[in-house]
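Participant: Structure incoming, see below.
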Amino acid sequence: MKRKALVLAGVGAVALAVPSVMTFAAEDWGQYQVGDKRSGYTFAKAETRAIQDDDFENPGMLWVEHGEELWETVDGEAQKSCKSCHADASDTMKNVGSTYPVFAKDIGKLENVENRINRCRTDNMKAKPWKYDSRNMLGMVSYVKRQSFGQPMNVKVDGDAAPWFEKGKEFYNQRRGQLDMACKHCHVDNAGNMIRANTLSQGQGNGFPTYRLKWQKPGSLHRRFRGCNKQVRATPYKTGSDEYLALELYVMYRGQGLPVETPAVRN
Amino acid sequence: MSIKRIAVGAFALATVAASATLTGAAEYKVEDEAIKASLTGKAGDPDNGKKVFLNRKKGNCLACHVVSSLKDQPFHGQVGPPLDGTASRWSEGELRLRIVNAKALNEDTIMPAFYRKDGFHRVLKNFKGKSVLNAQEVEDVLAYVMTMKE
């Protein structure tokens, strides 16, 4: 009789333990989680999240400020600044971060913020294009995307964008490199699992340009793609290439509904 | 394991046996979901196997697997199953196939094939035409993994 009671008590303890574990797992991430989509924020360490949360601590804000200065800096033969045509960025750029990349009818292809800025510089300002991950480009992209801060990602993947979306999806699921892995093997199948010292995230793009503690500066999403590709020992594509544009669209679509976090902070 | 899974496994096994010759890696024969013969005809060296197992540019096995006996090493991953006692669950030949090409058993696995030279997409120049491990390194890692008994 005594023994039976002990066994029952044991079963009771297990039954009690299970719901408490489940409660712990279902942490409330607020705006950083939409359905089963989770921002990289939710996989980051508390210290890293704290840096992002504080605008004065967040080093990415220095690039946003640099972009703000550039916005009204005249450059190129046409003697124009961004402001000459686009006036107040908080008004004219407010939906850019949440909706790019977009299919640009006038050039007949998909275009992200970086490539759009350079097209504006060369065609309208008659200025030299910026290098993809240069201080000026990162500053301007960070400033422009910051104008959509907190807005849910909402990229268009139908119509003219559909073939690009399909290409991006194909890229995402294509094994590559000597290690023969696709994006999805880490960021879908193993999101939340530790790989070495890091927790694999869902690989969301809503925080870019992201300040990486490892880089000690912000970097573009395409730079991150290159890093991932090289890690699986695959030949990367160029930043701004059609392949990465298509992948960017697919990655942004995966994060549809997550807020624009630019500039996010990650390890 | 569902019937479908077994069917997929059997199909993959058949293709592996064929592709081993095509890729130019030393030939090996897959039977009963295992590679029963040593790739080199020699026994593996478990001490060197441990080094290859830990080396981040070689096996880098701890990136994905927990091994309790290696607690002194930091950062064991959770992507693959823990390897504690794995040699009590699988035969040497079964483990050899898992190291050589785990996709023969699960075509969707994240685990790299450690002994396959080509047939990849866009391999970085430095790694072109090479397998992650050579045949003796596979045998050495296997000899080390065979010490992981319950």
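Quick note: the coordinates plus some simple rules give every number you see, no bench work behind them. Here the structure is a predicted model, which means the values were calculated and not measured. So basically every Cβ, Gly included, is an ideal-geometry build from the backbone, and we count neighbours across all protein chains shown.
Participant: Charges only on Cβ, +1 for Lys and Arg, -1 for Asp and Glu: so what's the dipole of the protein assembly as shown about the Cα centre, in debye to the nearest 20? Write down the numbers at each step before the final one.
Facilitator: On the way: 61 positive and 48 negative charges, 186 e Å.
It works out to roughly 900 debye.
Participant: For segment A:29-124, which GluC sites (Glu not before Pro) pass both filters: DSSP loop (anything but H, G, I, E, B) and at most 13 other C-beta atoms within 10 Å?
Facilitator: Qualifying residues, ordered by number: A:Glu57, A:Glu72, A:Glu77.
Participant: Let me ask something else about it. Sequence neighbours fewer than 8 away in the same chain don't count; with that in mind, list the aspartates and glutamates whose C-alpha is under 14 Å from A:Lys83.
Facilitator: Straight-distance partners of A:Lys83: A:Glu68, A:Glu69, A:Glu72, A:Asp75, A:Asp91.
Participant: Could you tell me which residue out of A:Ser142, A:Phe165, A:Pro59 lies farthest along the dipole of segment A:33-266 toward its positive end? Charges go on the beta carbon: Lys and Arg +1, Asp and Glu -1, centred on the Cα centre.
Facilitator: Sorting the options by dipole projection puts first A:Phe165.
Participant: Per-residue Cβ counts within 10 Å, from other chains only, averaged over B:72-82: what number is that?
Facilitator: Rounded to a whole number, the mean comes out at 3.
Participant: Of A:Thr199, A:Thr239, A:Gly177, which is farthest on the positive side of the dipole of chain A, counting Cα position, with +1 on Lys and Arg Cβ, -1 on Asp and Glu Cβ, and the Cα centre as origin?
Facilitator: Among A:Thr199, A:Thr239, A:Gly177, the one farthest towards the positive end of the dipole of chain A is A:Gly177.
Participant: Another question, if that's okay. In the structure shown, do any of B:Lys36/B:Lys117; A:Lys105/A:Lys230; B:Lys36/B:Lys57; B:Lys103/B:Lys130; A:Lys184/A:Lys214 have a Cα-Cα gap over 25 Å, and if so which? List each step's numbers first, then the result.
Facilitator: Numbers: B:Lys36/B:Lys117 21 Å; A:Lys105/A:Lys230 33 Å; B:Lys36/B:Lys57 27 Å; B:Lys103/B:Lys130 18 Å; A:Lys184/A:Lys214 23 Å.
Result: A:Lys105/A:Lys230; B:Lys36/B:Lys57 exceed 25 Å.
Participant: Using θ = phi - 60° and the Karplus curve 6.51 cos²θ - 1.76 cosθ + 1.60, what whole-Hz ³J(HN,Hα) does each residue of segment A:129-145 get, with Gly and Pro shown as x?
Facilitator: Here the 3J(HN,Hα) series is x, 8, 5, 3, 10, 6, 4, 5, 5, 4, x, 5, 4, 4, 5, 5, 5 Hz.
Participant: If you don't mind, there's one more thing I want to ask. Per residue and in Å³, how big is the convex hull formed by the alpha-carbon atoms of the protein assembly as shown?
Facilitator: 190 Å³
Participant: Of A:Val188, A:Ser84, A:Trp130, which is farthest on the positive side of the dipole of chain A, counting Cα position, with +1 on Lys and Arg Cβ, -1 on Asp and Glu Cβ, and the Cα centre as origin?
Facilitator: A:Val188
Participant: How well do other chains shield peptide A:183-195, expressed as the mean number of their Cβ atoms within 10 Å of each residue Cβ?
Facilitator: Averaged over the peptide's residues, the number is 3.
Participant: Chymotrypsin sites (Phe, Trp or Tyr not before Pro), restricted to segment A:184-238: which are DSSP loop and have at most 14 other Cβ atoms within 10 Å?
Facilitator: Numbers: sites: A:Tyr211, A:Trp215, A:Phe225, A:Tyr237; in loops: A:Trp215, A:Tyr237.
Within segment A:184-238, the qualifying chymotrypsin sites (Phe, Trp or Tyr not before Pro) (loop, at most 14 other Cβ atoms within 10 Å) are A:Trp215.
Participant: Could you give log10 I(q)/I(0) at q = 0.10 Å⁻¹ for segment A:161-259, computed by the Debye formula over C-alpha point scatterers of equal weight, without solvent?
Facilitator: Log10 I(q)/I(0), no solvent term: -0.25.
Participant: Using a simple charge model, +1 on the beta-carbon of Lys and Arg, -1 on the beta-carbon of Asp and Glu, nothing else, what dipole does segment A:35-155 show about its Cα centre, in debye to the nearest 20?
Facilitator: Rounded to the nearest 20 debye, it is 560 debye.
Participant: Remind me, relative contact order of segment A:33-266 in percent, using alpha carbon pairs under 8 angstrom and six or more residues apart?
Facilitator: Worked out over segment A:33-266, it gives 29 percent.
Participant: Percent relative contact order of segment B:19-112, based on C-alpha pairs within less than 8 angstrom and at least six residues apart?
Facilitator: Value for segment B:19-112: 23 percent.
Participant: Mind checking the dipole of segment A:33-266: about its Cα centre, +1 per Lys or Arg Cβ, -1 per Asp or Glu Cβ, Debye to the nearest 20?
Facilitator: With Lys and Arg at +1 and Asp and Glu at -1, about 900 debye.
Participant: Another one. With a cap of 15 neighbouring Cβ atoms within 10 Å, and only residues DSSP puts in a loop, list the chymotrypsin sites (Phe, Trp or Tyr not before Pro) found in segment B:43-97.
Facilitator: Sites meeting the loop and neighbour criteria: B:Phe75.
Participant: If you scale each eigenvalue of the Cα gyration tensor by 5 and take the root, what three semi-axes come out for segment A:207-265, rounded to whole angstrom and sorted largest first?
Facilitator: Equivalent ellipsoid semi-axes, largest first: 19, 16, 9 Å.
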